[in-house]
2 protein chains.
Amino acid sequence: MPEIKDILLGSQIAGARMIRLIEDNDPVAFEMLKRLYPHAGNAFIIGITGSPGVGKSTLIDALITQFRTLDMKVAVIAVDPTSPFSGGAILGDRLRMQRHAADKKVFIRSMASRGQKGGLSRATKDAVVVLDAMGYEIIIIETVGAGQAEFDIASLAHSIGIVTIPGTGDGIQAIKAGILETGDIFIVNKSDKPDADASCHQLDMMIDMRKPSETNWTARVLKTIAQNQTGVKELADVFLSHFDFMKKNNLIDLKKKEMEKSYFNSLLKDLTLEKLLLFMKESEDCKKAEKKISAGVIDPLSAAELVVNKICVFESND
Amino acid sequence: MPEIKDILLGSQIAGARMIRLIEDNDPVAFEMLKRLYPHAGNAFIIGITGSPGVGKSTLIDALITQFRTLDMKVAVIAVDPTSPFSGGAILGDRLRMQRHAADKKVFIRSMASRGQKGGLSRATKDAVVVLDAMGYEIIIIETVGAGQAEFDIASLAHSIGIVTIPGTGDGIQAIKAGILETGDIFIVNKSDKPDADASCHQLDMMIDMRKPSETNWTARVLKTIAQNQTGVKELADVFLSHFDFMKKNNLIDLKKKEMEKSYFNSLLKDLTLEKLLLFMKESEDCKKAEKKISAGVIDPLSAAELVVNKICVFESND
């Protein structure tokens with residue numbers, strides 16, 4: 001079992017074990033998170049999102065290099081199942097990503113949602129708390145834009161970078177509308193390909209058309225070629241200047257409250273469901289319903305409805 | 001609003017609208033599903049799973065062509081966010097997949113999990129019920145193997161095909177252990193690449209080492225080159241012979257019961273959560289907790305725990 005003190009000292013072994021407990025929905029993880037929580041809240045959390053194939057992982061790999069030249073401790077959480085970090089890509093890619101493995105100030109972890117309980121957003125937030133308490137100054141969350149609607153990156157990160165590639169505008173159209181609205185920095189990667197400037201122009205126009213941001217931060221558009229570090233130093237600088245901007249304008253505290261509210265809500269959902277499913281398992285009605293379905297007397301939809309209709313819930317007064 | 005009778009007549013417009021309602025968690029969808037359910041249960045449901053890049057979508061595209069030569073009605077549900085069917089790939093791929101778009105006996109739909117409620121497994125099962133009731137004889141579910149742990153393909157499909165590519169065994173290692181155990185047919189795609197035979201051999205050995213199947217079906221290993229239909233006719237035949245095998249050995253009914261139990265459980269979870277969240281929204285304790293978090297008096301983890309501890313649940317006797 002990992003020790004709180006080792007996690008706070010930044011032990012990568014203890015941190016990895018703790019995140020494993022989180023993924024396994026181990027009840028110990030919850031107790032430990034409560035103790036780690038007061039030590040978190042200092043990291044700058046960056047979300048990197050975009051469709052598969054735009055080079056998110058390569059870009060993150062290049063960003064790590066840049067943040068390391070500033071001697072910052074960097075952690076990465078890959079939520080994208082197709083990320084080389086998650087083992088979802090071909091072997092060559094995966095090996096390339098391991099170049100930072102020997103660096104004690106870099107920690108890369110992929111998140112998988114194990115078991116039935118809890119969502120990926122909640123587990124990722126839990127992991128962010130751990131990495132933050134471990135003392136990482138930069139935490140990068142890699143997420144695929146499409147097909148992860150349930151994953152709300154905006155409630156997890158201070159700054160959101162959206163990665164796209166030059167093309168017919170298809171890359172931009174593929175970005176979900178909601179994410180477009182929340183993007184702080186837009187990155188046209190592989191910008192040695194034709195039409196990179198046209199893509200930048202499209203993004204600039206799109207930013208102009210957005211409703212004015214409450215924070216007064218003007219979204220930026222940058223060109224990179226992550227493969228050879230082109231533009232990546234500038235990108236790292238823009239991310240850091242966004243964090244500075246947030247600090248100077250008292251936006252960090254506002255964002256923290258927003259993040260905490262969202263964390264509270266997903267915790268509430270998870271804990272409630274846990275409690276209810278435990279109750280369900282013991283329920284006589286449930287057992288009867290299963291028998292009836294098996295006998296073909298009732299369909300699963302009607303049976304579930306009947307069982308749930310009989311559940312009563314109330315708040316106790318003590 | 002789609003009409004039950006149009007869905008039962010196989011109208012693709014009505015079917016697409018119905019699936020949209022499911023994705024939107026529209027309460028009408030639930031009522032309609034109850035009415036459609038008795039008309040479902042005839043389709044042969046095939047799960048196709050494998051890591052991104054192994055050519056699942058191209059293979060499914062080729063399988064559609066084969067099943068169509070047998071004049072069978074085919075539907076595809078793409079759950080993989082990186083699938084060209086889901087719009088997660090580059091434009092060229094996506095266009096290629098649309099060759100069957102004009103065929104009235106082919107229906108292709110990608111599933112996205114919208115909103116917070118419900119899981120992807122549940123929504124996919126709902127969609128299968130619709131397609132089944134529409135009269136599709138073959139329903140193919142495309143799912144990515146990695147990073148979708150919460151998605152239980154075994155409880156949705158009669159037959160599971162696992163797609164891999166020739167290589168250093170890496171492709172096989174990348175397949176999740178649980179899925180390996182449940183695979184009925186293993187497909188080495190892109191088998192014109194070196195080491196295809198070695199991959200087949202590895203898979204054969206792996207199958208030999210599995211614990212004997214309860215159904216006595218011996219898993220098969222096939223080589224395909226989906227791009228040019230090589231081996232795809234044979235693959236379609238093996239899938240159909242697996243379905244025949246299940247019918248002859250009274251396994252269909254057993255599988256149906258298993259599927260229904262799993263469907264009931266996910267419905268129970270979803271409906272329970274829905275009911276609880278409604279209750280939570282009105283809860284005084286919840287509102288108080290949010291204020292305390294915002295004031296920094298309590299952390300989100302402890303606050304959620306306190307609120308949930310006060311919830312009482314019981315079954316009514318009427």
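Remarks
- Comparison of A:LYS287, A:LYS257 shows that the only residue that is part of a helix (DSSP H, G or I), at the interface with chain B (Cβ under 7 Å from one of its Cβ atoms) and under 30 Å from B:VAL307 (Cβ atoms) is A:LYS257.
- Scanning the stretch A:1-40 for residues that are surrounded by 14 or more Cβ atoms within 10 Å (Cβ to Cβ) and assigned to a loop (DSSP other than H, G, I, E, B) yields a total of 6.
- Scanning the stretch A:238-274 for residues that are over 20 Å from the mean Cα position of the chain (by Cα), without any contact (Cβ under 8 Å) to a residue 12 or more places away in the chain and buried (at least 17 other Cβ atoms within 10 Å of the Cβ) returns A:LEU271, A:THR272.
- Residues satisfying the stated conditions in the stretch A:45-77, i.e. within 18 Å of A:GLN229 (Cα to Cα) and of a type in the set (S, T, N, Q): A:SER57, A:THR58, A:THR65, A:GLN66, A:THR69
- Any hit, the stretch B:25-43, residues being within 18 Å of the chain's Cα centre (by Cα), of a type in the set (A, V, I, L, M, F, W, C) and within 24 Å of B:SER199 (Cβ to Cβ): no
- Under the condition of being surrounded by fewer than 16 Cβ atoms within 10 Å (Cβ to Cβ) and within 30 Å of B:HIS39 (Cα to Cα), the residues counted in the stretch A:282-291 number 4.
- Leading residue by the ranking (modelled with the highest pLDDT) among those in the stretch A:150-176 that are out of contact with any strand residue (DSSP E or B) (no Cβ under 7 Å at 6 or more places or on another chain) and under 20 Å from A:VAL79 (Cα atoms): A:SER155
- Look at (1) touching a helix residue (DSSP H, G or I) at 6+ places or on another chain (Cβ under 8 Å); (2) more than 10 Å from chain B (Cβ to nearest Cβ); (3) surrounded by 13 or more Cβ atoms within 10 Å (Cβ to Cβ) and you find that A:THR218 fails only one, number (3).
- Single match in B:ASP71, B:ASP132 (criterion: modelled with pLDDT of 85 or more, surrounded by fewer than 22 Cβ atoms within 10 Å (Cβ to Cβ) and on the phi > 0 side of the Ramachandran plot): B:ASP71
- Selection count where residues are within 15 Å of B:VAL163 (Cβ to Cβ) and part of a helix (DSSP H, G or I), scope the stretch B:220-254: 8
- Output for the stretch A:78-105, where each listed residue is within 14 Å of chain B (Cβ to nearest Cβ), under 15 Å from A:GLN227 (Cα atoms) and either at pLDDT 85 or above or crowded, with 20+ Cβ neighbours inside 10 Å (or both): A:PRO84
- Residues satisfying the stated conditions in the stretch B:44-61, i.e. touching a Ser or Thr at 6+ places or on another chain (Cβ under 8 Å) and either among the β-branched types (Val, Ile, Thr) or closer than 17 Å to B:PHE243 by Cα (or both): B:PHE44, B:ILE45, B:ILE46, B:GLY47, B:ILE48, B:THR49, B:VAL54
The values are calculated or read from the model by the stated rules, or taken from the named source; none is laboratory data. Please read all numbers here as calculations on a predicted model, not as lab measurements. When we count neighbours, we look across all protein chains shown, and the Cβ atoms used for this are built from the backbone with ideal geometry, even at glycine.
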